[in-house]
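Data first, discussion second: the structure below is written as structure tokens.
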Amino acid sequence: MFKVKIAGMGKAVGSLKVKSEELEEKMNVTSGWIVKATGIESRHYVDFENGENALTLGVKAAKQAIQNSGIDPEQIDCIIGANGSPLQAIPCGASLFQRELGLGDSGIPCFDVDTTCYSFRLALFVAANLIHNQVYNCILIISSDAPSPTLPKTSNEVRALFGDGAAAAIVTKSAKDEKNVLHYFKMQTYGSGANLTCVKGGGTLRHPNDPNTRMEDNLFQMDGRKVFRYAVRLLPDFFQDFFSESGICQSDVKYLFPHQTSKHGIDIFRKFGFHSEQIASHISTHGNCIAASLPMLLFDYIEDNKINRGDLVLLFGTSAGLSIGCVALTY
């Protein structure tokens, strides 16, 4: 248990709103297929040709988080990048965010946490540990993903799912009279499923100078059905252990915030004891924004007053690896 709180959040989406009907025409698939298969009616894409990208979205979200938290930017003493897709191979994305926020000469330590779609939750847990142990006092987490420029060359399954967006959070210590607590964190990884979701290129295993490296190696690849079946097999035992180990009662949870995989991937939680009104979602209007999905969703529910201080929420996610995990948080 860590006495920390999310002091403020921010969100940004790509400026181009793309309806599924438009995308279906470009993909040359049957009208209505995307909504039926994914539940996504629209998503946002960055205007990449005019300079909009994951870096600009992340900076925009971070500035809003700083404003909403009421802190001075000089109070930030650590920045954690929690993207699901890297801005570039080197350096860490957090250092690029730092520079674009006008803090490039500040000396504020920066590093990335990368578990693809699960990155924000892990970054939140890491930040809670660092604040609890008095290493830092005010940590900025930024998750920003803008895969749209890469999507036209991917499979229809992948192209239909993803959107562009960013979210940021300021994490600080809770005051003694505040109820805000990070209660519990649990994560499991099953490397036998590592090849089900991957980008094989971009590293030293399939480096760009290797004549055997193909263009396809640099594109996102996913077998969604196998990922879904694999994860669903793990969920009953995972949730049983999570509630048993944490001492949290499932009925006390105000909302479960799941990774926004697809409508089917979100609705499946009803089979594990969660009521429909407990399951948060905005998949229909945002699609899957990788690591940014969950904090973007959390931001929306805060802004809409659907959750308030003192509410118990679960931040659940799956990610490439194959990993599953959950954070229990009193907001």
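The values are calculated or read from the model by the stated rules, or taken from the named source; none is laboratory data. Fair warning: this is a prediction, and the values are worked out from it, not measured in the lab. Cβ placement follows ideal geometry from the backbone for every residue including glycine, while neighbour counts extend to all protein chains displayed. Ligands, DNA and RNA are stripped out before the accessible areas are found, and what is left, the full protein with its side chains, is counted by its heavy atoms. Shrake-Rupley method; radii C 1.70, N 1.55, O 1.52, S 1.80 Å.
Values as computed for the structure displayed
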item	result
Potential extension, Gln88-Lys26 segment - 0.36 nm per residue separation minus Cα distance	19.5 nm
Dmax and Rg, reported as Rg then Dmax, of the stretch 172-331 (C-alpha, Å)	17.9, 62
Stokes-Einstein diffusion coefficient of the stretch 277-331, Kirkwood radius over Cα pairs, 25 °C, 0.890 mPa s, in µm²/s	201
Diffusion constant of the stretch 74-121 at 20 °C, which comes from Stokes-Einstein with the Kirkwood Cα-pair radius and 1.002 mPa s, µm²/s	195
For Val18, net neighbour charge (Lys/Arg +1, Asp/Glu -1) across residues whose Cβ lies under 10 Å away	+1
Shape category assigned to the stretch 228-309 from the gyration tensor of Cα positions, a/c cut at 1.5	oblate
Against the rule of thumb 2.2 N^0.38 Å, how large the Cα Rg of the stretch 140-263 comes out	1.39
Among Gln188, Val253, Gln240 the positive-end extreme of the charge dipole of the chain (Cβ point charges)	Gln240
Separation between Cα centres of the stretch 100-170 and the stretch 11-55, rounded to whole Å	21
Pair Glu303, Lys226: separation of 7 Å Cα→Cβ label points (nm)	3.8
Convex hull of the stretch 191-233 built on C-alpha atoms - directionally averaged projected area, nm²	3.4
Carbon + sulfur, % of accessible area of the stretch 194-305 - ligands and nucleic acids excluded, 1.4 Å	48
Computed Kirkwood radius, in angstrom, where 1/r is averaged over Cα pairs of the chain	20.1
Length-normalised contact order of the stretch 1-117 in % [C-alpha pairs under 8 Å, at least 6 apart]	26
Hull-based mean projected area of the stretch 17-73, where the convex hull spans the alpha carbons, in square nanometres	5.6
19 Å reach of a label modelled at Asp252, 7 Å along Cα-to-Cβ, counting backbone N of the stretch 276-305	278-279
Residue among Val126, Asn218, Ala168 farthest towards the positive dipole end of the stretch 101-218, charges placed on Cβ	Val126
